[in-house]
1. Residues of region A:32-63 being closer than 11 Å to residue A:11 by Cβ and in contact with an Asp or Glu (Cβ under 7 Å, 6 or more places away or on another chain), which ones?
2. Could you list, in sequence order, the residues of region A:245-267 that are surrounded by fewer than 24 Cβ atoms within 10 Å (Cβ to Cβ) and modelled with pLDDT of 95 or more?
3. Identify the residue in region B:300-359 that is within 20 Å of the chain's Cα centre (by Cα), acidic (Asp, Glu) and at the interface with chain A (Cβ under 8 Å from one of its Cβ atoms) and, among all such residues, is surrounded by the fewest Cβ atoms within 10 Å (Cβ to Cβ).
4. Yes or no: region B:201-215 includes at least one residue that is aliphatic (A, V, I, L, M) and in a helix (DSSP H, G or I).
5. If residue B:289 satisfies every condition in (1) at pLDDT below 95; (2) more than 26 Å from residue A:303 (Cα to Cα); (3) facing chain A (nearest Cβ under 8 Å) but one, which is the exception?
6. For the structure I just gave you, tell me whether residue B:96 is under 30 Å from residue B:83 (Cα atoms) and over 19 Å from the mean Cα position of the chain (by Cα).
7. Looking only at region B:326-348, decide whether some residue is out of contact with any Ser or Thr (no Cβ under 8 Å at 6 or more places or on another chain) and under 30 Å from residue A:106 (Cα atoms).
8. Among the listed residues B:250, B:225, which satisfies the condition of being under 19 Å from residue B:127 (Cα atoms), aliphatic (A, V, I, L, M) and assigned to a strand (DSSP E or B)?
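The values are calculated or read from the model by the stated rules, or taken from the named source; none is laboratory data. All of these numbers come straight from a predicted model, not from anything done at the bench. As a convention, Cβ positions derive from the backbone with ideal geometry for all residues, glycine included, and neighbour counts pool all protein chains shown.
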Amino acid sequence: MNYKLRSSVSIVDSGGNVLEFFKTNTRKSIKIHVKSPMIKNIVTHLDGNLSFNEIVQCYNLQGEEQQLAILLSYLKEKSIISNDALVKDREDYFKYRRIIHFLEDYAHSDELLLEMWKNIRKSTVMIIGLGAVGNWVALNLAQSGVSNFILMDKDIVDITNLHRQIAFTAADIGKSKSTVIARYINHFDPSIHVLEIKQDLTENNLCAVVGEKNVDLIINCADKPNVDITSRWVGKYCMKRRIPHIVGGGYNLHLSLIGQTVIPFESACVNCFEEQLKEKNSLDGLTVKRLDTKNRKIGSFGPMCSIIASMIGMEAIKVLSSHIPPDNVNRRGEFDINTMNLKYQEFNRLSTCEWCGYEKN
Amino acid sequence: MDWGKIYKIKDSVDIYLVDETYIVAYFMNTRQKKKFRVSNGSVHIIEIIDGINNIENIYNTYCLKNGTISRKGFSTFFNCLLKSGLIIEKSQKHILSSSELKRFNRQINYFSEFLSSELAAEKAQKKLLNSVVAIWGCGAVGGNLAVQLAMAGVGTFILIDPDVVEESDCSRHVYFKQESVGDKKVESLADYIKSINPAIKTYISYQWLHPNADLSEILKKATFLIDAADEPYLGYTANLISQNCVPIKLPHYIAGGFDAHLASTGELIIPYITPCAGCYSTYFERVLSDWKPEHHPIKNREKEMGGLAAMSLFSSSFACIEIIKYICGLKDMKVAYKPRAEFLFNGMKLFNLTPSKDPNCKICGGADHEL
Ligand SMILES: [Zn+2]
Ligand SMILES: [Zn+2]
């Protein structure tokens, strides 16, 4: 085996015998104390052409093999030295090399990188609701190597969708949304398998629709009748089958809401969130009636939706890899178009939750 | 008060009736709550404002059901609603064609929440339709931005990129098609955005961005320019772009989403108002003065750099929002512009940078400029 400094890792000599390794993909730094200037010389020349014994010879390290072995294995474990030997042989390496080398930031061995990549490749993602958010998520995940999709939406493409829903063209008006998306993601890779479900989500139809099929992640972007209700339906189903799910969010005019990632029985579930939201939103026990606004047309704006999709896409990759912990568990975010800032609100898993509480079960 | 005008409740306002004695208006845009003590009658007036009937009709409907009230009292109440920002004037004439209105209806509605009337929102949409946006570099982020701005209604594009579509672009470019491998990127992209909206006009160029490149034709046509070219590296192209755009006061955006900055936001540059690419260079020289990477042993490093489509989408979406806010005048971007930030995959948070205008900037510093 040869040792290679990863292309995406930069080395900076911080002085005082400290070397900084900067992983440019994820912008993480690892600093190590080095005893000898020789070490900097060795690591900045790890071009993948030398084996262990050749490094020993080249730098006259006879008698210090053990220290060298410790150093190299440390750098490998920290994914500073390449762990891509096993994935490079794969047929799909060339096409997806950017994804693979990104995942490598989290791989402490060749085996782990291969495993994460295979997990993503073979996974099945279900997206419910093909609109301004769901479409981008489908496209992003297909571009990142996911090869099985279940796409659920009953609608056909309408001219009013085109200002914000990616993948729909003027020629697609009148066609089924799921069919258009399926065709689009097959442009990226014709071997992507798509199961189309041309139905609206209802309270109880997920069971019948999914059946025995294996699903690794469900992303809810359905907003009929509204996001809160569909999230409850999807959440309940996923808890039963222990399927990780992401509450797609949606948005409230100037605010994009980034929904939570739920890992069943590990993080706060949809019901846990709802219980805590009820507390936060209650208006001091007064009788409150919302006045109905006539002919309300809620506006919508494409990039405020796609920014949600981008974050869901990143969370999805973490979940599907099975080795990168998702960040949006136990919290949900709000992106504000006025300030262009992102804020999170924290939630807890409730021990008394009807769906996932351990005191109840 | 003009009794022929039509008003509607702002879509961004939720109105609650509390204990039958006062209403709470919740303004989603500003997160403000306003309380008003109300009579039964005024609740009824609010309930019949429908965005279809003019004030005269609303007054008549009200009187028919609740008995006649004075026109003066009615008009005072209406003015109060208007002043508090609960209602907005509906436009009764249009400046857009019916097909434009149909396609962009919901976006115009969105814009109207930032503006004083629906007509102003239509005008904002018109500004997008009249814009000529030049995009330098049609890769992951440049390609996304072209598509997103095309969907939002930008009428004319100048797409500039010398490269051809490669197979590995599949994981990066949203407009990728297997059968386009080997074709010029700008041609594939132009075809794609025209398929979204056949009314879009495109001009294409295969020019490289280098110090002696002649940009005069492009600068003459463009009303806005986006730099998404990261070869040889973004700092280099950004400086070239600002050097060309600042003196002629052409607003531009330096896009994010390149190696080592996979989900950075990029920044809007309004010449002589926001920090330009030169000011950013000064800033980085200062904050990164100790940061000198060693020579890297791998040749052709770019073949092994990481990246995710979702991260490019973050950068392009962020840029798209800032650009549209600027072009459409949704906010006063001279004060509301957002400096560059890095979005971190790890932790999903924005890390804000704090550049400032450099009074000695080689590009935008020196003598006072008339703004
Ligand atoms: Zn729970
Ligand atoms: Zn400057």
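1. A:40, A:44
2. Selection gives A:263, A:264, A:265, A:266, A:267.
3. Checked region B:300-359; the qualifying residue surrounded by the fewest Cβ atoms within 10 Å (Cβ to Cβ) is B:342.
4. Of region B:201-215, the ones aliphatic (A, V, I, L, M) are B:204, B:209, B:213, B:215.
In the following step, the residues that additionally are in a helix (DSSP H, G or I) were identified as none.
The answer is no, given that none of the residues of region B:201-215 is aliphatic (A, V, I, L, M) and in a helix (DSSP H, G or I).
5. Every condition holds for residue B:289 apart from (3).
6. The answer is yes for residue B:96.
7. Yes.
8. Matching residue, one of B:250, B:225: B:225.
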